[in-house]
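Peer 1: Right, I'll just put the structure down here and ask away after.
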Amino acid sequence: MKQHVHYVTILYDNLHLIEDLMRRLEEMVAKNETPKWMLRLLFNLSEKERSSLSSDLHDSVLQDLIIWYRKLESLRSTAAFAEVTQFELKQIEEGLLDAIHQIRITCNELRPPFLLKMGLVESLKSLFSYTRMFSNYEIEFSAEQMGYALTEEQILGFYRIVQELLNNATKHSRADKVTMALTTEDGQIHFSYLDDGIGMDVSALEGSFQSMGIAGIEKRVLSLEGDVELKSAPGQGFHVRISLPIYYKSQR
């Protein structure tokens, strides 16, 4: 328990530091003075915090829950209890299983396992398979054979952008279909996203960096030296086009 308290204290302090940095960044954004290096630094810090939190949750909280679940399961199967007590213990057992499942999902979202090893395309396919289980819209995805190796930052950047777009589609778009594609041309990788949802007023997002949602996509792309185009209007769906330079030579 002391270890968990120490961990939460460190996390709380780190979040305060990040919030302070974000406030300073908002002031610079308001003045149109946001340097790309600062955006890049903040996104890298965010990924490190995500990775650290995922690792800590997996190695401490999750393992403790699994141990207590197995102890309870063993106790319930070997000892005799009144019917009411058996029912209550079963409820607790199921609650622990739900908590274990949710923590695993959180760990995967914070730092998708094998993301860099699998590569961008396969990682996105895995993300789409998972999303389909909980969404009410169809996902169509196409990708050309990647003749280039992306940097770690680009892979993470694209993955986070797609996560946020799917999150928006699930919570807000009311779309029936989401179409995405990855292509490469002239030393650049191009990504397109299109849904047939209710759309939004994109102009309302300009100049805002108060969340890491849709308004943050442009900043993440900017930090990767790329270009982004957002098109939407009420009743006309949502369309995103992103282009990033490829720095690595063609694979052999």
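Peer 1: Go through (1) within 27 Å of residue 122 (Cα to Cα); (2) exposed (fewer than 12 other Cβ atoms within 10 Å of the Cβ); (3) modelled with pLDDT of 85 or more and name the single condition residue 237 misses.
Peer 2: (2)
Peer 1: Is it true that residue 109 is under 30 Å from residue 154 (Cα atoms) and in contact (Cβ under 8 Å) with a residue 12 or more places away in the chain?
Peer 2: Yes; evaluated as a whole, the condition is true for this residue.
Peer 1: For residue 51, are the conditions met, namely being touching a residue at least 60 places away in the same chain (Cβ under 8 Å), exposed (fewer than 14 other Cβ atoms within 10 Å of the Cβ), closer than 22 Å to residue 223 by Cα and not assigned by TED's automatic domain parsing to the domain that holds residue 225?
Peer 2: It is true that residue 51 is touching a residue at least 60 places away in the same chain (Cβ under 8 Å), exposed (fewer than 14 other Cβ atoms within 10 Å of the Cβ), closer than 22 Å to residue 223 by Cα and not assigned by TED's automatic domain parsing to the domain that holds residue 225.
Peer 1: Right, here's the next one. Counting just the residues of segment 58-113 that are surrounded by 12 or more Cβ atoms within 10 Å (Cβ to Cβ) and of a type in the set (Ser, Thr, Tyr), which one comes out farthest from residue 167 (Cα to Cα)?
Peer 2: Out of the qualifying residues, it is 85.
Peer 1: I would also like to ask the following. Does residue 129 meet the test of being of a type in the set (S, T, N, Q), exposed (fewer than 15 other Cβ atoms within 10 Å of the Cβ) and not assigned by TED's automatic domain parsing to the domain that holds residue 57?
Peer 2: yes
Peer 1: May I pose another question? What strands (runs of 3 or more DSSP E) lie completely within segment 98-216 and have 1 or more residues being at pLDDT below 90?
Peer 2: Passing ranges, in order: 177-185, 188-195.
Peer 1: Suppose we keep only residues that are in contact with a helix residue (DSSP H, G or I) (Cβ under 6 Å, 6 or more places away or on another chain) and within 25 Å of residue 119 (Cα to Cα) within segment 169-199. Which one would you say is surrounded by the fewest Cβ atoms within 10 Å (Cβ to Cβ)?
Peer 2: It comes out as 193.
The values are calculated or read from the model by the stated rules, or taken from the named source; none is laboratory data. Note that the coordinates shown come from a computational prediction; the quantities given were computed from them, not determined experimentally. With ideal geometry, Cβ positions are generated from the backbone for all residues, glycine too; neighbour counts draw on all protein chains shown.
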